[in-house]
Structures are given as C-alpha cells and as structure tokens.
Amino acid sequence: MKRLPLMTGVLAVILAAATVLHAKEITVRGKLQKTVEAGGWLIVANDNKYLILNLKNFQNQSWFKESTNVEAVGETKDVMTTFMEGTPFEAKSITPLKEEAQSVATAGRDDNRRVTRVMVAGDSIVQAQPDTAIVTVSVVTQNRRAIDAQQENAAKTDAVIKALKAAVGANAEIKTSGYSLQPQRVYKENQPPTITGYEARNSVTVTLSDLNKLGSVIDAAAQAGSNDISDVSFTLRQDRQAHDRALSEATQEAMSKARVIAQALGGRVVRIVEVQEEGFQQRPPQPVYAMETMARAGKVATPIEVGSLDITSRVQLIAEVEQM
C-alpha cells in the first residue's frame, strides 16, 4: 500500500474535493487566544471558538496579542485543519475593540511613558432649608403610689395629645415614642434602698412639614400639661437636589486635586480608575426657643429660629497619571 505524505502547517489543508457549504458572513466578538499547539490562533466568544485561517493577514498588528478583545467579520469554512480546534473561520477583517485600540494607541505614542495611580478625596458642604420639624414632648408625673402616678399621667397625656392635634392640623404625624413607670428610691448607707414614690413618663413625637407651626405646637403642649420638651430637630426629606449638588461639587474637588498632583508630577490625568462615595450626612441646625418665657407668661408664642441644614458629601477617586 502506498502511503500519502503527511501534510502539516499552521493553516488548514483543504482536501482536493472539498467545497465550501453554506458560507455565510458573520460577526464574532471575543478574545484572542493561542491554540493548544503552537502556531494557531483562536477567537474565543463565550463557549464558541473560531480558528483563524488567514492568520498572516493580521498577526503582525501591534494589538494582535493574547487576551485582546476583538471584533471579526468573516465566514466559517467546511475544511479540515491541522489543529482541529474550534470552527474554521476566514476573517475579512479583525479589529480591536475600542478600549483595546485606545490602549494600544497610547502605548504606541510613547513606550517610555510611566503611569502612576493617585488616590484623592473631595469634600463638599451645601446649605439647604429643612422641610420637616420633629419635636418630642413628654408628660412626667410623680406620686407615692404607682397607680396614682400612672392615672394622673394618662389624663394629662390625653389632654396634651388633643391639644397637639388641634395645633398641627391633619398633615402632621403624632405618635407615642416612649413610656415608662419607674420607682423612685432613696439610698442610705448600710441600708437597702427605699421606694418613696413612682414616676410615670409618656413621650409623644410630632412630625410636621409646616415649620411655622412649631412654636404654637410647643405652646399648646405646655399649656395642656406637658412639662418636658426633650428634643427639637429638623431634617430635609426631599434631599435629592441638595444631595446631587453636594456630590457633584465633591467630585469636582477630587478631580481638581488629581489634576494638581498630575501637574506637580509633570504629567496629566489619563483616566479615572475608580470612584467611591464615602458619605452623605445632614448636619441639623440648632433651634433656638424660649421655653421658660412661654411657660410663665402664656401669652407670647415660643420663637423658633430654624436656620439651614449642612448637607455634606465626600467622594474618593483613584486616577491614573501619565508622566512624560
């Protein structure tokens, strides 16, 4: 029997009678990868592999290297190949994807360039007017018997809640935020503590959007029987606009710092690698009110000076600086 000579090579050996069946132009996007045996190249697209038949048309390009993302246009072929790894593919064009082309262009411009990463942070404070007030009022009663302290507190708290509802109207939120009934003890040396009475405390929190009513709410609560105004605070519920402004200014400050550092190094910022928002806070204004004057006179409304909220934002970014 006469043996046929063994035909080897990087590209396909097409049988004499082979014909191309159902050739159709397709577009393939994937990574360049070498075949299992030296000399061949593939385009790996997800779970599919395409063996490049006309390799010599592209392999001398500067971007033609392993793991480069490319887009190829061409036709699959019904042929036998030396490696038989992947679908035989004759490419009309192979081009690196945009990010790969930019990277190659930058590298080709100056092979001696140096790239340094710098980390900078930007801070911003934006002032905004609060749109919501939150006040907590309490009724505190004391008596020798627990039941008496509790019942007295219940009656006074009921009167306070009715007065609050009348003062704030229908658009406010009133809810119980705390309740306690605790014994009052006297401590003497070398003796067990003695209970001398009981203290009942019922706290009610009022949330309202009409800040002009805050003074009258405090007055109404005190006149109805509340004897402890424990907290007055302000917040900004509709904070998106102020937050976006603070975030934008913090980012601009961080970018400005990166450019200053780049100039000091004799280079320029070529790209931002990472951006992270580190924090967003509302710093509430400190309200000013005159509780004693109101309680004694009962005629002058309690003055409330709201002030502005400080909306703070902090951004940290990592920039690549190219030094020439």
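The values are calculated or read from the model by the stated rules, or taken from the named source; none is laboratory data. It should be emphasised that the depicted structure is a prediction, and the values quoted were computed from it without experimental measurement. In this analysis, Cβ positions are derived from the backbone assuming ideal geometry, glycine residues included, and neighbour counts consider all displayed protein chains.
Quick rundown of the values:
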read-out: Those residues of region 49-64 which are exposed (fewer than 13 other Cβ atoms within 10 Å of the Cβ) and in contact with a strand residue (DSSP E or B) (Cβ under 9 Å, 6 or more places away or on another chain), in sequence order; value: none
read-out: Residue that is among the aliphatic types (A, V, I, L, M), assigned to a strand (DSSP E or B), farther than 30 Å from A262 by Cβ and modelled with pLDDT of 90 or more, where the choices are V73, V120; value: V73
read-out: Residues of region 149-179 satisfying the condition of being within 20 Å of N212 (Cα to Cα) and of a type in the set (S, T, N, Q); value: N171
read-out: Unmet requirement for V232, which otherwise passes all of (1) in a helix (DSSP H, G or I); (2) touching a Phe, Trp or Tyr at 6+ places or on another chain (Cβ under 8 Å); value: (1)
read-out: In region 262-275, the residues that are surrounded by 17 or more Cβ atoms within 10 Å (Cβ to Cβ) and part of a helix (DSSP H, G or I); value: A262
read-out: Region 212-248, subset polar (S, T, N, Q) and touching a strand residue (DSSP E or B) at 6+ places or on another chain (Cβ under 7 Å), residue surrounded by the most Cβ atoms within 10 Å (Cβ to Cβ); value: S226
read-out: In region 195-211, residue surrounded by the most Cβ atoms within 10 Å (Cβ to Cβ) [restricted to those that are assigned to a strand (DSSP E or B) and among the aliphatic types (A, V, I, L, M)]; value: V206
read-out: Whichever residue in region 198-219 is of a type in the set (D, E, K, R) and modelled with pLDDT under 90 and, among such residues, is nearest to Q151 (Cα to Cα); value: K213
read-out: Residue in region 245-278 that is farthest from V135 (Cα to Cα), counting only those that are modelled with pLDDT under 90 and of a type in the set (D, E); value: E274
read-out: Residue among V139, V168, V160 that is without any contact (Cβ under 8 Å) to a residue 60 or more places away in the chain and of a type in the set (V, I, T); value: V168
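Here is a yes/no grid of residues against (1) at pLDDT 90 or above; (2) more than 40 Å from the chain's Cα centre (by Cα); (3) assigned by TED's automatic domain parsing to the domain that holds E85:
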{"residue": "K31", "(1), (2), (3)": "yes, no, yes"}
{"residue": "E37", "(1), (2), (3)": "no, yes, yes"}
{"residue": "G40", "(1), (2), (3)": "no, yes, yes"}
{"residue": "I43", "(1), (2), (3)": "yes, no, yes"}
{"residue": "N48", "(1), (2), (3)": "no, no, yes"}
{"residue": "Q59", "(1), (2), (3)": "no, yes, yes"}
{"residue": "S62", "(1), (2), (3)": "no, no, yes"}
{"residue": "E66", "(1), (2), (3)": "no, no, yes"}
